[in-house]
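*Asks:* Dropping a structure here in structure tokens format, bear with me for questions.
The values are calculated or read from the model by the stated rules, or taken from the named source; none is laboratory data. Everything quoted here is computed from the prediction, not taken from an experiment. Virtual Cβ from ideal backbone geometry, glycine too; neighbours counted across all protein chains shown.
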Amino acid sequence: MTPVRARTAFVLAVLTCCSSSSSTTDTAPADAGIDVRIAPEASDDDGGACPVPPDPANPVDQAYFDQRRPWKPAKPAAGSCDKDDLAQLAANLNDETIKSWFELGKDISASCKACAIGADTDPTWAPIIGTTESNGDTGFFNFGACFGYVDESDACGKALQYEQFCYSLACSDCTTTRAERVACVKEAGKSTGLCGPFVTKLLAECNNLDVDRGKCAEIVDSVWTLCGSPADAGSEAAADASDM
């Protein structure tokens, strides 16, 4: 079974597409998705268009996600995670025996697990979310938690996460490799693509995307930003963990 980190990369290899000048900019997390299986089932791809094109009769807009799984801001808890917790989380992301998103908290401290991992039914969303309906068999990385916190704007966090959800809808069923996913995301994020309106919303709501991305680009970084120690120590700890 493919490790969690690699599997989620297949769900969405993200470039936040496109800047105000319509050029692609690398401003979003590396990986994100919606309802991602820990143990993916075989795909029944019907060979449809990739990325999925807009359908005026069934628009994918903010209301679409608000009705299905409305985004909730994070509840940061500085000091909940230490360097050892980050190292363990990094190991868990690559652990082929882990079957559930909730199991990503295996062997990390109780305080860190409480801050870093949660359920979609919780009143606030942690950086790592498992879906209650599937008992954690499906889930996603909530990078919007970190972006919203760093940008000091819940609207930014929501815009970022809905953009990620849109890219997953557009590309997760029609691509299998990271290169295919990147190409698909670029197309989906164009002004005429399924996710173009979400790109526009993101750029309007997030004032410091470069700063946000610097602290939130990987899920271990996001956990440290929301749940770890002061920034200087966090950068070192996250770097150490990501090398493991």
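*Asks:* For segment 108-143, which residues satisfy the criterion of being of a type in the set (S, T, N, Q) and assigned to a loop (DSSP other than H, G, I, E, B)?
*Replies:* Ser109, Thr121, Thr124, Thr131, Asn135, Asn142 - these are the residues of segment 108-143 that are of a type in the set (S, T, N, Q) and assigned to a loop (DSSP other than H, G, I, E, B).
*Asks:* Is one or more of the residues making up segment 176-187 small (Gly, Ala, Ser) and crowded, with 24+ Cβ neighbours inside 10 Å?
*Replies:* Checked against the condition, which is being small (Gly, Ala, Ser) and crowded, with 24+ Cβ neighbours inside 10 Å, segment 176-187 yields no hits at all.
*Asks:* I've got another one for you. Between a first residue in segment 90-102 that is more than 17 Å from Ala126 (Cα to Cα) and a second residue that is basic (Lys, Arg), which pairs have beta carbons less than 6 Å apart while being 6 or more apart in sequence or on different chains?
*Replies:* If the second residue must be basic (Lys, Arg), the pairs left are Asn94/Arg5.
*Asks:* Considering only segment 219-240, how many residues are closer than 15 Å to Ala116 by Cα and either of a type in the set (A, V, I, L, M, F, W, C) or modelled with pLDDT of 90 or more (or both)?
*Replies:* So the answer is 11.
*Asks:* Give segment 93-113 a look and list any residue that's surrounded by 20 or more Cβ atoms within 10 Å (Cβ to Cβ) and under 13 Å from Ile128 (Cα atoms), or say none.
*Replies:* Result: Leu93, Trp101, Phe102, Leu104, Gly105, Cys112, Lys113.
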